[in-house]
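Written out below as structure tokens is the structure these notes cover.
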Amino acid sequence: MLILPKRHLVLENDKKTNPSALNEKAGISPPEIISSAVAKNIQKFRNSQPTSKELIDGILSGNITALSRAITLVESTNPDHLIKANEVINACLSHANKSVRIGITGVPGVGKSTFIEAFGKHLTNLGKKVAVLAVDPSSTISHGSILGDKTRMEELVKDPNAYIRPSASGETLGGVARKTRETISLCEACGFDTIIIETVGVGQSETAVHSMVDFFLLLKIAGAGDELQGIKRGIMEMADAIVINKADGDNIKKAKLAKTEFNRALHLFPAKKSGWIPTTASCSALTKEGISEVWQTIEKFLAQTKENDYFYKKRSEQNEYWMLETINEQLKLNFFNNPEIQKLLDSTKKAVQNGETSPFAAAQLLLKTYFK
């Protein structure tokens, strides 16, 4: 017979009378803050799928919920949603093309979101209806995106004349989302007269946004470069204006110096087809200094380009460009959704990885199979 020491018996009894603090005790269930009937109605509304006509009528009447649901439909990669999305877009096209499209880009940390909030508030105070299409980078590892731009624009998001729509860039290069061009048309049909596209901000490769906006604004910060940037063909070459942000506090002198340096850099670029001479300016999105001057610059640009017809010519060229881009995208989608390609793809990938065939020969095999 095993006799336990007294100390061990005390510990065993203590466990029964004083359970560990790590054990979870049954608490008081929280009071019901919403009735079950209301919860069911909300769930039913979210699960319901509006018809194309309901979405179209909602968008044309300025309903933000209908606009958001239509954009989600347009961005969907589900082939079943494509027909419905095209119906909505086609019905809205005749009500589009009545806005000013402004692309805003810059390196991460330049203050794009803060600038857009200050700029957007300035526009809504002038009576404008502003839609902000914020594009967030997608992770190449998890394929996820934070979509946190609304949290940075606390004031603008509460403005009844503003609408902020974050989207993930996905696998699209160039700093724009896959369906940004279609989203612009839907926002215009919903009554927004100023469309702002905030791009990913990946640097000089970010040029696709230029093909869908009227005015291209490049945000810079002091210390980001000098006139040598002028010989680096890329995103600076496309900018209609360069704005040095964060010109406040001890940074004011540095911002003025950067403005002078970029002015010199702009002289190294060839003349633009629009006849517009790019400008430089400094501002502070924090103190709102220089924000109104940025809008005045855009107004001057619009007046000049509409007078010489460049504005309308560029819009026509952009429509042609995006027609070709849509064809390329649809061909790619059809290729990878083809049943024969899906059967061959895994084995072909393994053959390439094992060095049994070259990537070019494998691609030719898949293409021949697709076009049979």
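The values are calculated or read from the model by the stated rules, or taken from the named source; none is laboratory data. Bear in mind that the values here come from a model prediction, so they are computed numbers and not experimental data. Positions of Cβ are backbone-derived with ideal geometry, glycine not excepted, and every protein chain shown enters the neighbour counts.
A few points about this structure:
- Test for L344: is it over 27 Å from the mean Cα position of the chain (by Cα) and surrounded by 14 or more Cβ atoms within 10 Å (Cβ to Cβ): yes
- Hey, E198 modelled with pLDDT of 65 or more and of a type in the set (D, E) or not: yes
- Breaking point among (1) modelled with pLDDT of 90 or more; (2) more than 30 Å from D248 (Cα to Cα); (3) of a type in the set (V, I, T), for T279: (2)
- Candidate set from region 73-128 (those that are surrounded by fewer than 16 Cβ atoms within 10 Å (Cβ to Cβ) and under 24 Å from I244 (Cβ atoms)); member that is modelled with the lowest pLDDT: P108
- Only one of Q353, Q330 that is exposed (fewer than 11 other Cβ atoms within 10 Å of the Cβ) and out of contact with any helix residue (DSSP H, G or I) (no Cβ under 8 Å at 6 or more places or on another chain): Q353
- Out of K313, K300, sole residue that is among the charged types (D, E, K, R), without any contact (Cβ under 8 Å) to a residue 12 or more places away in the chain, surrounded by fewer than 14 Cβ atoms within 10 Å (Cβ to Cβ) and closer than 20 Å to V243 by Cα: K300
- Subset tally (residues that are over 30 Å from W276 (Cα atoms) and touching a Phe, Trp or Tyr at 6+ places or on another chain (Cβ under 7 Å)) for region 305-339: 2
- Criterion violated by L365 - all others in (1) surrounded by 12 or more Cβ atoms within 10 Å (Cβ to Cβ); (2) under 30 Å from E182 (Cβ atoms); (3) in contact with a helix residue (DSSP H, G or I) (Cβ under 8 Å, 6 or more places away or on another chain) satisfied: (2)
- Residue match in region 53-67 (condition: among the basic types (K, R), at pLDDT 60 or above, outside any loop (DSSP other than H, G, I, E, B) and under 21 Å from the mean Cα position of the chain (by Cα)): no
- Filter result for E261 (without any contact (Cβ under 8 Å) to a residue 24 or more places away in the chain, out of contact with any strand residue (DSSP E or B) (no Cβ under 6 Å at 6 or more places or on another chain) and within 23 Å of F115 (Cβ to Cβ)): no
- Members of region 326-340 that are among the charged types (D, E, K, R) and touching a residue at least 24 places away in the same chain (Cβ under 8 Å): E329, E340
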